[in-house]
Structure formats: C-alpha cells, structure tokens
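Student: The structure is given below, and queries will be raised subsequently.
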Amino acid sequence: MPLNITSIKTSSNGAWEGDNPLEYAFPLLIVQITLILIVTRLLAFLFKPLRQPKVIAEIIGGVLLGPSALGRNETYMHHIFPSWSMPILETVASIGLLYFLFLVGLELDLNSIRQSGKRALTIAFAGISLPFAFGIGVAVVLRKTVHGANEVGFAQFLIFMGVALSITAFAVLARILSELDLLNTEVGGTAVAAAAFNDVAAWILLALAIALAGNGNRHKSPLVSVWVMLSGVAFVIFMAVVIRPAMKFVGKKCSPDNGAADEGYICLTIAGVMVFGFVTDLIGIHSVFGAFAFGLTIPKGPFADLLIERIESFVLGLLLPLYFASSGLKTNVAKISGAKGWGLLVLVISTACGGKILGTFVVALMCMIPVRESLTVAVLMNTKGLVELIVLNIGKEKKVLNDEMFTILVLMALFTTFITTPLVMSIYKPTHGKSFQTNGELGGVNSNAKV
C-alpha cells in the first residue's frame, strides 16, 4: 500500500494482474464517494420526517464513517479511509465548496439586502455582536483549559471563536423556512435578511482572522497580516471596478434578446471560479472568498439562472456532501474526554445558543416585533450548519483549532442546527405567518435554495 504521496498511483492494472483497487487513488476515491453518498442519503431519508436540512445527514454520515464510529475498526479505516487518501478526497470536496460559494454569491442579491430595512440590519447587528463577545469569553476559557490552545496567536484565536459562535448559515436557514412554509412570511423575510447581513459581516471578520492567522505561526511578522489585508481590499476593489462591469457585459450578451448563451462565456465563467479562488489563496486569505466574490459580480438575470441550472445539481448533489462528510471524518468524539471535555462542550453550546438567541430576541422586541415572532426569529438566527463547517475547516486548516476544539465546535454546529426546526415548529405555526411579498426571493436568497 502507498505510504507517502510520491508512491501513490492513480489507477490499478486490475484484479487479474493481482492489484488491489483500494491501494490506488482513483478506484479508492470512487469507493469513498459511493459510500459517503449512500450513507448520507440514507440518513437524509431517515431525518426527512423531522424536516432536517441535508447538511445534518451529511455531517452525521461523516461522523459515523470516521473515527468516532466505524473508524474504530482499524482494518476498515486502513483500507477505506487511509490517511494517504484523505488529501485527495478533501481536494475533490474543496472543488465542490468553491462552486457552492460561487452559487451563494450568484444568488445573493445585494440590492435586496440594502432595501431590507433598518430592522433587519439592527437584528443582524445584535445577532452577531453579543454572541461574538460571548465567543471571546469562551476563547479565553478554552485557551486556559484545552491543551495546545495557547499555542495559537491570541488575536486570531479570539476572532475565530467569535465568528464560530456568531455566524448564521443563511442558506440552511432559507431551506428550513422553505420546508416549514415560512419563507414568504414576515418572520421568514426578517430572519433571512438579517442572516444575510450577519453572514456578510462574518465573512469580513473571518477574512481578518485568516489574514492574522497565516498558517498558525504566532511569531510571524505583523507586516505580513497588513499586506494580506491590503491585498484583500485591493482584490475587492478590482472585482467591483473591473470584473463586475465585464460580467454585466457578458450578461447582456447572453440575454434572450441576443439568442442562446454562448458556451464560451459559460466555460470562461466556470473557469473564472477557479482563477479567482487561486488569486485569493495566493493573497493568503482563502480560495472560497475569491469564488464568493466572483459570484457577487454576476448580475441577476437569465445568464445567472443558466449558470445555476448548469452547476447546482452536480455541486449540491455530489460534491458538497463530500465536503461536509469529510468534516465528519475529521471529527473524533473520543477527543472529548472526561468531565472537563464534556463540560466545555456544554459551555460552548450554551454560550452559542444563549448569545445568539438572547441578543436577537431582545433587539427584535425593541423593533416592535411581537414576542412569539421575536423568539422565532431568534431561534432561526441560531442556525449554524453549513457556513459554520466552512469556518471550522478553515480554522483547522490554518492550525487555529486543534482536534479537540474542532470536534467540540462541530458538535455545537450540529446541535444548534438540529434543534432549529423542532423549536420553530413548537413556537410558531405557519398559519400564524403574514404574507410577505418577495416575488420569489427573500433577502437575496432564492426561495428554491437547496442545502
């Protein structure tokens, strides 16, 4: 069996020549993808009566396939998910993540967010500021209690923890609202618009944390972080000043008035996702920011709809589940040991839920939203899931989070997302909702969003 990257071979010569396909990269990748899809789809089917988003099934599927459950059998882990194969699986999964973030940017309507009003902005500010402050408090506790936590720079660790506890997964939120028939209600509109504001702020903070973190080197020169941030600002300006007008031109060329869309434009746009992902990785932020920013530059219209139609099913149906399953595969519940470890998990969950729900609830009441609706919006804003896993994986990749902290935060993300639907159903019935006219979109998120 291959022991290092230089000895890995892509494909075997077949069983008739005595080769074991599981010792070769491509056939093993096929087995891994097939196993992940079977397990996650089965779990999604089982969770369907509970009306849980698919990301729950995908993460739990990865946890079951990983060292927390089946991975306790060393023979299974050695043959199906050997350590040498994980970078290959994660690379394929990361391609799916790039295109998913591109789709998020493509479907996010900044004009709708700007027009959503001061109420949503106020709720979003409360929904990120209080849990962010709580996250800083938790970070201080973790640095004193978790072995190795104090090896990371203080500032980047605080920001990562603040973002991890304050973020809201607006795409998952839109999916939950759609399944509960709340997407086109006033409550749903307020929640999604506030979540969109929340996520924009969280991405900015995350970019700052990555710029500070580098590769986990706490002793690097502060000038490096400054250059990374300045380069990031220059990249955003370039996307707004140069790429956005260029994509408007492409959008007009591919409008129904000019006939069918040119395949060349579609191909260049799909390739552009990779190019801008590479540019932001080169800057030192993360490739997902480039893909997301590129998606934002494409104007809403027939060309954007065509891109979504071409990319969405393949990315959401095949590649994205691999990303969240790979997160589960890296989660080892055994890393949480003893009363101290489980106590920290309870602390993180309580702080995450308390900060998000309390902050949002109080401000929603101050915005003259009735008590039941305010509590519903607060619970909805507590949804983590999708974006949370992206943040945690970046934190682990940048060596800001060690295995124990990563596991604690993944379990927190699972818990907060899992409880959203049953809590909302118990607090607020669809029949209580008032109609909210959105022309098919809400807070810039397509009502048909699939997560």
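The values are calculated or read from the model by the stated rules, or taken from the named source; none is laboratory data. In this text the structure is predicted, and so the values were computed from the model without any measurement. With ideal geometry, Cβ positions are generated from the backbone for all residues, glycine too; neighbour counts draw on all protein chains shown. The accessibility values were calculated without ligands, DNA or RNA, using every heavy atom of the protein model including side chains. Shrake-Rupley method; radii C 1.70, N 1.55, O 1.52, S 1.80 Å.
Student: Evaluate the range 51-65: report whether one residue or more is at pLDDT below 85, in a helix (DSSP H, G or I) and out of contact with any Ser or Thr (no Cβ under 6 Å at 6 or more places or on another chain).
Tutor: yes
Student: Follow-up question, since we're still on this one. Has the range 288-296 got any residue that is on the phi > 0 side of the Ramachandran plot, modelled with pLDDT under 90 and in contact with a helix residue (DSSP H, G or I) (Cβ under 7 Å, 6 or more places away or on another chain)?
Tutor: Initial filter on the range 288-296 (on the phi > 0 side of the Ramachandran plot): none.
Looking through the range 288-296, none of the residues is on the phi > 0 side of the Ramachandran plot, modelled with pLDDT under 90 and in contact with a helix residue (DSSP H, G or I) (Cβ under 7 Å, 6 or more places away or on another chain).
Student: From the list Val333, Val379, Val371, Val387, pick out the single residue that is in contact with a Ser or Thr (Cβ under 8 Å, 6 or more places away or on another chain) and under 20 Å from Tyr428 (Cβ atoms).
Tutor: Criteria check complete, one pass: Val379.
Student: With a cut-off of at least 2 residues that are more than 26 Å from Ser83 (Cα to Cα), name the helices (runs of 4 or more DSSP H) lying wholly within the range 227-338.
Tutor: 244-253, 263-283, 287-297, 302-314
Student: Considering only helices (runs of 4 or more DSSP H) fully contained in the range 79-182, which possess at least 3 residues that are touching a residue at least 12 places away in the same chain (Cβ under 8 Å) and among the hydrophobic types (A, V, I, L, M, F, W, C)?
Tutor: By residue number, 86-107, 118-145, 154-166, 170-179.
Student: Let me ask you something else. So which residues in the range 308-351 are among the small types (Gly, Ala, Ser) and open to solvent by less than 10 Å² (accessible area, probe 1.4 Å)?
Tutor: Of everything in the range 308-351, those that are among the small types (Gly, Ala, Ser) and open to solvent by less than 10 Å² (accessible area, probe 1.4 Å) turn out to be Ala325, Ser326, Ser327, Gly328, Gly341.
Student: Would you confirm whether or not the range 43-55 contains a residue that is touching a residue at least 60 places away in the same chain (Cβ under 8 Å), closer than 30 Å to Ile357 by Cβ and surrounded by fewer than 20 Cβ atoms within 10 Å (Cβ to Cβ)?
Tutor: yes
Student: Yes or no: Ile266 of a type in the set (A, V, I, L, M, F, W, C) and closer than 15 Å to Leu98 by Cβ?
Tutor: The answer is no for Ile266.
Student: Now for a separate question. Out of the residues in the range 18-42 that are out of contact with any Ser or Thr (no Cβ under 6 Å at 6 or more places or on another chain) and buried (at least 23 other Cβ atoms within 10 Å of the Cβ), state the one that is farthest from Thr417 (Cα to Cα).
Tutor: Step by step, filter the range 18-42, then rank; the result is Gln32.
Student: Against the definition (surrounded by fewer than 20 Cβ atoms within 10 Å (Cβ to Cβ), in a helix (DSSP H, G or I) and in contact (Cβ under 8 Å) with a residue 24 or more places away in the chain), how does Gly354 come out, yes or no?
Tutor: Spelling it out, Gly354 is indeed surrounded by fewer than 20 Cβ atoms within 10 Å (Cβ to Cβ), in a helix (DSSP H, G or I) and in contact (Cβ under 8 Å) with a residue 24 or more places away in the chain.
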